[in-house]
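Engineer: I'd like to ask you about the structure that follows.
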Amino acid sequence: MTAVLDTSVAAPSLTRAPALQAAGITRAFGPTPVLAGVDLVVPRGSVVALVGPSGCGKTTFVRLVAGFDTPDAGTVVLAGRTVVGPREAVAPEHRRIGVVPQEGALFSHLDVAGNIGFGLPRRGRTDEGRARVTHLLDLVDLSGLAARRPDQLSGGQQQRVAVARALAPGPDLVLLDEPFSALDASLRVSVRDAVMAALRAEAASVLLVTHDQDEALGVADLVAVMLEGRIAQVGTPEEVYARPASAAVAQFLGEAVLLPGDADGATVTCALGTLPLAAPADGSRTVLLRPEQLELVPIAPSATGSGPGRADEGPIAVVQSIAFHGHDALVALRLADGVPVLARSLAGWLPRPGDQVAVTVRGAAWPLPA
Amino acid sequence: MARTGVRAPWWLVAPAALAAAIALLPIWYLVVRAGSVAAVGEVLLTEATVRLTARSLLLTGVVTALASAIGVAAAWVLARTDLPRVRAWQVALVLPLAVPSYIGAFVWVEAFPALAGFAGAVLVLTLATFPFVLLPVLAALQRVDPALEEVAASLGHGRLAVAARVTIPQVRPSIAAGALLVALYVLSDFGAVALMRYEVFTWVIYGAYRSGFDPTRAAVLSLLLVAIAVVLVVLEGRARGRAATRIGAGVARRTRVVRLGAARWPVLLGLGAVVAAGVVVPALSILGWVLTGSAGAVDGAAFGQALLASVRLALLAAVACVLLAVPVGVLAARWPGRLARGVERATYTGHALPGIVVAIAMVYVGVKLLRPVYQETPLLVLAYVVLFLPLAVGAVRTAVEASPVRAEEVARSLGQTPLGVLRRVTLPQAAPGIAAGAVLVLLTTMKELPVTLLLHPTGTQTLATELWDHMLVSDRAAAAPYAALIVLGAALPAVLLGRMGQLGGQPSGQVRAEGPTGRTVPAEVLGGSRP
């Protein structure tokens with residue numbers, strides 16, 4: 001990081017510290033280890049998505065960060081303050097963390113303004129507090145609903161109030177635990193966009209927990225993939241999607257075509273022919289292609305009888321099945337030598353099961369680390 | 001979700017332990033009393049005691065059998081047939097809970113003096129207790145997955161075969177739980193057997209106390225009565241445990257409706273007879289006495305004073321119960337563990353003890369430990385706390401469990417200490433449920449008889465004690481206004497219960513039913529899980 005070399009540091013170093021630095025976090029429930037040494041950094045002002053399949057330990061991790069549970073080992077540093085160390089665990093109320101649980105968990109005995117002002121001095125009943133509440137209501141686009149009761153709000157509105165409530169005291173870190181998964185699919189995207197816009201407007205440092213890889217890739221500055229109680233990879237959405245650290249990461253983040261190949265510096269030879277590599281590699285390696293890199297070309301019935309097709313059409317495959325999604329379709333294919341591959345077809349043209357098609361590859365193959 | 005690995009704060013444990021200690025006072029008395037073994041043998045091994053035990057068990061057995069039969073039949077009719085005006089019938093069938101057994105007994109024995117004795121006691125207690133079976137069985141019938149009965153029918157079973165092989169086995173735990181509740185009530189009842197002059201434990205213990213307080217005899221008989229009650233409580237607990245493991249997710253779908261057809265008229269006649277005997281006859285009798293009684297028969301000043309005294313005592317009891325129940329209920333809901341379980345069970349002591357035993361025990365406590373408040377208000381309120389703490393604990397626990405833990409965690413993150421969370425989030429969110437518990441304690445205290453009779457402050461009369469004095473001398477006109485007021489007060493929770501019972505998927509613990517000795521118990525009793 002360049003911050004180390006920056007000599008014009010005027011602000012105290014604390015404010016330069018990342019919002020969250022977790023190191024070596026372990027936690028077991030009885031004999032079952034849930035977290036097996038988690039390291040994670042949330043830079044100030046950035047949105048980090050913690051993504052992983054159900055049961056990978058994501059929720060356990062955020063509860064430890066929030067202080068609702070204590071890790072067996074490891075340290076948690078929030079904006080430069082150590083809140084979990086070898087012999088200490090700061091209480092949740094002293095951590096300056098905003099929490100947005102899955103169900104929102106609004107205080108049912110308070111109205112919307114009372115909920116948002118809850119974490120402010122004198123629970124928001126000051127001039128400053130009222131101004132802050134009004135500002136946040138505007139920010140989440142709920143001005144006019146200040147006097148509503150939580151049970152008079154839709155699910156999406158409740159979730160926006162929960163976010164405003166978490167933001168009100170200006171926390172060093174905002175934890176969102178699957179905040180959109182309880183919403184209808186039709187609402188989810190609009191609520192997510194509104195919430196992320198509010199978080200960005202407040203320049204909040206955010207750790208967003210989700211099991212939805214599209215959500216993680218779509219809204220985050222950095223994506224941390226958690227598998228079996230460990231962080232398997234951290235990177236920008238493009239990095240983790242196109243250059244995953246392992247086959248498991250590749251498969252979790254989307255449909256993956258994994259092929260054994262023989263790498264020779266800049267190229268690799270595999271079932272789909274000789275392809276350029278996205279990074280230099282040598283020897284026997286597994287390479288990754290995403291289905292959208294595979295393009296299908298129809299083969300005229302007359303052409304099939306006359307040979308294996310022209311070289312630029314690529315290898316021939318037989319269509320096994322098609323999963324139609326409306327905006328695209330995922331086509332399962334079997335190559336001549338029996339290797340199964342997937343192709344995403346965006347074009348208006350769709351083959352039918354049993355058809356023979358030619359497969360061409362766009363872009364480079366990613367060699368998985370050996 | 002439980003806060004694993006976090007110990008409950010001392011400011012919760014300390015008052016909860018105090019509540020448990022108060023609830024266990026009668027146990028302390030019984031243990032001390034049981035110490036004199038020689039006296040125990042002397043009293044136990046007499047023919048009189050054996051006869052007394054036999055009479056008590058006979059009454060308990062007969063009433064339990066009759067109340068179970070009526071309760072199951074009525075529940076099945078309500079849940080499974082095309083009975084017209086089901087909702088009204090349901091409320092009507094729960095209303096007998098509003099007539100305390102001593103008022104029912106007075107009405108019947110005044111109308112038919114020949115009923116005095118075993119027959120009258122059976123009649124009055126059966127009418128007073130069958131809703132304890134009706135309510136849990138009705139709830140269980142509404143919870144039985146209709147798919148089970150449909151599958152059985154599709155496998156070639158007729159209507160009766162389905163009932164016998166599928167429905168009844170599904171609700172059997174609820175029947176058992178309700179029946180044992182009835183048995184406990186009968187064993188504990190004091191007023192009805194006293195007015196019917198049928199000698200069972202409670203009446204004889206009261207007599208032993210009255211006749212110059214024969215402490216040994218009263219204590220030994222109390223021990224024997226408690227031993228029988230404990231056996232019943234253990235059985236009841238087992239029945240409830242089984243019921244809890246069986247129940248799956250609530251199913252909203254309606255089950256197949258059985259058409260009554262020509263059987264409708266005898267069914268209506270039967271239900272009508274039960275409602276008439278349980279509610280209509282007592283209500284009309286009291287109304288008649290009120291209307292025909294001469295103006296001079298009622299001492300207005302005495303009535304006003306008794307009402308004031310009752311309200312004051314009931315308010316004190318409700319406040320004391322809720323104050324002690326909050327730490328216990330919060331502990332049980334939020335820090336489940338061995339400590340919480342132990343404390344909560346201790347506070348349920350009053351649920352298992354007959355009122356007369358609690359009364360005798362508190363007299364002893366007053367004489368031995370609290371001489372300054374003996375025959376004073378604080379000791380009586382303390383006795384009410386022992387009796388009715390379970391009601392308040394159940395209400396607080398249910399209300400706190402219904403308030404989301406996540407909201408409390410969010411409040412912690414927003415800067416509240418655990419005590420602040422309790423004050424600003426947990427209690428405000430649980431307030432409606434806790435208030436309902438307080439009202440329940442209030443209304444139940446107003447009609448309580450045996451403890452009030454033995455412990456009411458010298459010179460203070462309550463509604464129940466005034467009523468009792470007038471009933472003992474058969475002064476109907478003087479008794480009428482007291483009886484009317486007590487029945488009206490008791491009708492409130494009964495009506496509420498009847499209306500709630502008709503909601504198919506009510507959350508467990510929300511519905512409440514009257515328990516032994518006229519106390520109201522949480523609906524965990526109604527086939528749900530035991531606290």
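The values are calculated or read from the model by the stated rules, or taken from the named source; none is laboratory data. Worth saying up front: this structure is predicted, and the values here are computed from it rather than measured. Here Cβ is always computed from backbone atoms with ideal geometry, including for glycine, and neighbour counts include all displayed protein chains.
Engineer: Which residue, of A:99, A:76, is part of a strand (DSSP E or B), in contact (Cβ under 8 Å) with a residue 24 or more places away in the chain and at the interface with chain B (Cβ under 10 Å from one of its Cβ atoms)?
Structural biologist: Working: A:76 fails: at the interface with chain B (Cβ under 10 Å from one of its Cβ atoms).
On inspection, the qualifying residue turns out to be A:99.
Engineer: Among helices (runs of 4 or more DSSP H) lying entirely in region B:324-370, which contain 3 or more residues that are among the basic types (Lys, Arg)?
Structural biologist: On the way: elements: B:338-347, B:349-352, B:355-368.
Those helices (runs of 4 or more DSSP H) span B:338-347.
Engineer: Would you pick out the residues in region A:50-68 that are of a type in the set (Lys, Arg) and more than 14 Å from chain B (Cβ to nearest Cβ)? So that I can check it myself, show each step before the final result.
Structural biologist: Step one: of region A:50-68, the residues of a type in the set (Lys, Arg) are A:58, A:63.
Result: A:58, single match.
Engineer: Give A:182, A:204, A:197 a once-over and let me know the one that is buried (at least 19 other Cβ atoms within 10 Å of the Cβ) and either touching a residue at least 12 places away in the same chain (Cβ under 8 Å) or part of a helix (DSSP H, G or I) (or both).
Structural biologist: A:204
Engineer: Is region B:387-396 home to any residue that is in a helix (DSSP H, G or I), surrounded by fewer than 24 Cβ atoms within 10 Å (Cβ to Cβ) and out of contact with any strand residue (DSSP E or B) (no Cβ under 7 Å at 6 or more places or on another chain)? Full working, then the answer.
Structural biologist: At the first step, the residues of region B:387-396 found to be in a helix (DSSP H, G or I) are B:387-396.
If we keep only those that are surrounded by fewer than 24 Cβ atoms within 10 Å (Cβ to Cβ) too, we end up with none.
No, region B:387-396 contains no residue that is in a helix (DSSP H, G or I), surrounded by fewer than 24 Cβ atoms within 10 Å (Cβ to Cβ) and out of contact with any strand residue (DSSP E or B) (no Cβ under 7 Å at 6 or more places or on another chain).
Engineer: Taking the condition without any contact (Cβ under 8 Å) to a residue 40 or more places away in the chain and in contact with a helix residue (DSSP H, G or I) (Cβ under 7 Å, 6 or more places away or on another chain), does residue A:131 pass? Please lay out each step first, then the result.
Structural biologist: Numbers: without any contact (Cβ under 8 Å) to a residue 40 or more places away in the chain: yes; in contact with a helix residue (DSSP H, G or I) (Cβ under 7 Å, 6 or more places away or on another chain): no.
When the stated conditions are applied, residue A:131 does not pass them.
Engineer: Among the residues that make up region A:126-143, is at least one of them in a helix (DSSP H, G or I), under 16 Å from residue B:420 (Cβ atoms) and of a type outside the set (Lys, Arg)?
Structural biologist: So in region A:126-143, the residues in a helix (DSSP H, G or I) come out as A:127-139.
When the remaining residues are screened for being under 16 Å from residue B:420 (Cβ atoms), the result is none.
Within region A:126-143 (the criterion being in a helix (DSSP H, G or I), under 16 Å from residue B:420 (Cβ atoms) and of a type outside the set (Lys, Arg)), the answer is no, since none of the residues qualifies.
Engineer: Going through B:22, B:70 one at a time, which residue ends up being crowded, with 17+ Cβ neighbours inside 10 Å, closer than 30 Å to residue B:493 by Cβ and modelled with pLDDT of 95 or more? Quick ask: steps written out before the conclusion?
Structural biologist: Details: B:22 fails: modelled with pLDDT of 95 or more.
Testing whether each residue is crowded, with 17+ Cβ neighbours inside 10 Å, closer than 30 Å to residue B:493 by Cβ and modelled with pLDDT of 95 or more leaves just B:70.
Engineer: Continuing with the same structure: Test of understanding: among A:197, A:201, which residue is at pLDDT 90 or above, more than 14 Å from chain B (Cβ to nearest Cβ) and under 17 Å from the mean Cα position of the chain (by Cα)? Before the answer, list the steps.
Structural biologist: Numbers: A:201 fails: under 17 Å from the mean Cα position of the chain (by Cα).
After ruling out the rest, the residue left standing is A:197.
Engineer: Within the bounds of region A:140-157, is there any residue that is crowded, with 23+ Cβ neighbours inside 10 Å, within 14 Å of chain B (Cβ to nearest Cβ) and hydrophobic (A, V, I, L, M, F, W, C)?
Structural biologist: No: region A:140-157 contains no residue that is crowded, with 23+ Cβ neighbours inside 10 Å, within 14 Å of chain B (Cβ to nearest Cβ) and hydrophobic (A, V, I, L, M, F, W, C).
Engineer: Next question. Just need a number here: residues in region B:427-445 that are without any contact (Cβ under 8 Å) to a residue 60 or more places away in the chain and more than 8 Å from chain A (Cβ to nearest Cβ). Break it down stepwise before answering.
Structural biologist: From region B:427-445, those without any contact (Cβ under 8 Å) to a residue 60 or more places away in the chain are B:428-433, B:435-436; that's our starting set.
If we keep only those that are more than 8 Å from chain A (Cβ to nearest Cβ) as well, we get B:430, B:432-433, B:435-436.
Counting residues in region B:427-445 that are without any contact (Cβ under 8 Å) to a residue 60 or more places away in the chain and more than 8 Å from chain A (Cβ to nearest Cβ) gives 5.
Engineer: How many residues does region A:108-125 hold that are within 13 Å of chain B (Cβ to nearest Cβ) and part of a helix (DSSP H, G or I)?
Structural biologist: So the answer is 8.
Engineer: Within region A:274-298, which residues are farther than 17 Å from residue A:239 by Cβ and in contact with a helix residue (DSSP H, G or I) (Cβ under 9 Å, 6 or more places away or on another chain)?
Structural biologist: Once the filter is applied, which keeps residues that are farther than 17 Å from residue A:239 by Cβ and in contact with a helix residue (DSSP H, G or I) (Cβ under 9 Å, 6 or more places away or on another chain), region A:274-298 yields A:286, A:297.
Engineer: Quick check, is residue A:135 away from chain B (no Cβ under 14 Å), surrounded by 15 or more Cβ atoms within 10 Å (Cβ to Cβ) and over 25 Å from residue A:181 (Cβ atoms)?
Structural biologist: Values: away from chain B (no Cβ under 14 Å): yes; surrounded by 15 or more Cβ atoms within 10 Å (Cβ to Cβ): yes; over 25 Å from residue A:181 (Cβ atoms): yes.
Yes: the conditions hold for residue A:135.
Engineer: Separate question: Is it true that residue A:114 is assigned by TED's automatic domain parsing to the domain that holds residue A:68, in contact (Cβ under 8 Å) with a residue 12 or more places away in the chain and either more than 12 Å from residue B:410 (Cβ to Cβ) or in contact with a helix residue (DSSP H, G or I) (Cβ under 7 Å, 6 or more places away or on another chain) (or both)? Steps first, please.
Structural biologist: On the way: assigned by TED's automatic domain parsing to the domain that holds residue A:68: yes; in contact (Cβ under 8 Å) with a residue 12 or more places away in the chain: no; either more than 12 Å from residue B:410 (Cβ to Cβ) or in contact with a helix residue (DSSP H, G or I) (Cβ under 7 Å, 6 or more places away or on another chain) (or both): yes.
Against the criterion (assigned by TED's automatic domain parsing to the domain that holds residue A:68, in contact (Cβ under 8 Å) with a residue 12 or more places away in the chain and either more than 12 Å from residue B:410 (Cβ to Cβ) or in contact with a helix residue (DSSP H, G or I) (Cβ under 7 Å, 6 or more places away or on another chain) (or both)), residue A:114 does not qualify.
Engineer: Restricting to region B:400-426, give me the number of residues that are within 9 Å of another protein chain (Cβ to nearest Cβ) and in a helix (DSSP H, G or I). Can you show your working first?
Structural biologist: Restricting attention to region B:400-426, the residues satisfying the condition of being within 9 Å of another protein chain (Cβ to nearest Cβ) are B:403-418, B:420-421, B:424-425.
This time we only want the ones that are in a helix (DSSP H, G or I), so: B:405-413, B:418, B:420-421, B:424-425.
Selection size over region B:400-426: 14.
Engineer: As an exercise: evaluate residue B:303 against (1) buried (at least 22 other Cβ atoms within 10 Å of the Cβ); (2) over 28 Å from residue B:404 (Cβ atoms) and give the number of the one condition it does not meet.
Structural biologist: (1)
Engineer: Filter region B:462-482 down to residues that are hydrophobic (A, V, I, L, M, F, W, C) and in contact with an Asp or Glu (Cβ under 8 Å, 6 or more places away or on another chain), then give me how many there are.
Structural biologist: Taking region B:462-482 as the starting set, the residues that turn out to be hydrophobic (A, V, I, L, M, F, W, C) are B:463-464, B:467-468, B:471-473, B:477-480.
Subsequent filtering for residues that are in contact with an Asp or Glu (Cβ under 8 Å, 6 or more places away or on another chain) retains B:464, B:478.
Count: 2.
Engineer: Within the group A:238, A:215, which residue is closer than 16 Å to residue A:253 by Cβ, away from chain B (no Cβ under 14 Å), touching a residue at least 12 places away in the same chain (Cβ under 8 Å) and in a helix (DSSP H, G or I)? Outline the logic, then answer.
Structural biologist: Values: A:238 fails: touching a residue at least 12 places away in the same chain (Cβ under 8 Å).
After applying the criteria, what remains is A:215.
Engineer: Does residue B:131 meet the test of being crowded, with 23+ Cβ neighbours inside 10 Å and modelled with pLDDT of 90 or more?
Structural biologist: On the way: crowded, with 23+ Cβ neighbours inside 10 Å: yes; modelled with pLDDT of 90 or more: yes.
It is true that residue B:131 is crowded, with 23+ Cβ neighbours inside 10 Å and modelled with pLDDT of 90 or more.
Engineer: Residues A:80, A:45: which one is within 20 Å of the chain's Cα centre (by Cα) and at positive phi?
Structural biologist: Details: A:80 fails: within 20 Å of the chain's Cα centre (by Cα).
None of the others qualify; the one that does is A:45.
Engineer: In region B:319-376, which residue that is under 23 Å from residue B:403 (Cα atoms) and charged (D, E, K, R) is surrounded by the fewest Cβ atoms within 10 Å (Cβ to Cβ)?
Structural biologist: B:338
Engineer: Still on this model: Restricting the search to region B:137-166, which residues are crowded, with 19+ Cβ neighbours inside 10 Å, in contact (Cβ under 8 Å) with a residue 60 or more places away in the chain and part of a helix (DSSP H, G or I)?
Structural biologist: B:137, B:138, B:139, B:140, B:141, B:142, B:143, B:149
Engineer: If you take the residues in region A:82-96 that are part of a loop (DSSP other than H, G, I, E, B) and more than 8 Å from chain B (Cβ to nearest Cβ), which one is farthest from residue A:208 (Cα to Cα)? Show your work before the answer.
Structural biologist: If we filter region A:82-96 for residues that are part of a loop (DSSP other than H, G, I, E, B), which is where we start, we get A:85-88, A:90-91, A:95-96.
Pick out the ones that are also more than 8 Å from chain B (Cβ to nearest Cβ) and you get A:85-88, A:90, A:96.
On the way: A:85: 23, A:86: 26, A:87: 28, A:88: 26, A:90: 22, A:96: 17 Å.
Step by step, filter region A:82-96, then rank; the result is A:87.
Engineer: For the structure I just gave you, tell me whether residue B:223 is buried (at least 24 other Cβ atoms within 10 Å of the Cβ) and part of a helix (DSSP H, G or I). Please lay out each step first, then the result.
Structural biologist: Values: buried (at least 24 other Cβ atoms within 10 Å of the Cβ): no; part of a helix (DSSP H, G or I): yes.
When the stated conditions are applied, residue B:223 does not pass them.
Engineer: While we're looking at this one, here's another question. In this structure, does residue A:105 turn out to be small (Gly, Ala, Ser), facing chain B (nearest Cβ under 9 Å) and buried (at least 20 other Cβ atoms within 10 Å of the Cβ)?
Structural biologist: Numbers: small (Gly, Ala, Ser): yes; facing chain B (nearest Cβ under 9 Å): yes; buried (at least 20 other Cβ atoms within 10 Å of the Cβ): yes.
Criteria met by residue A:105.
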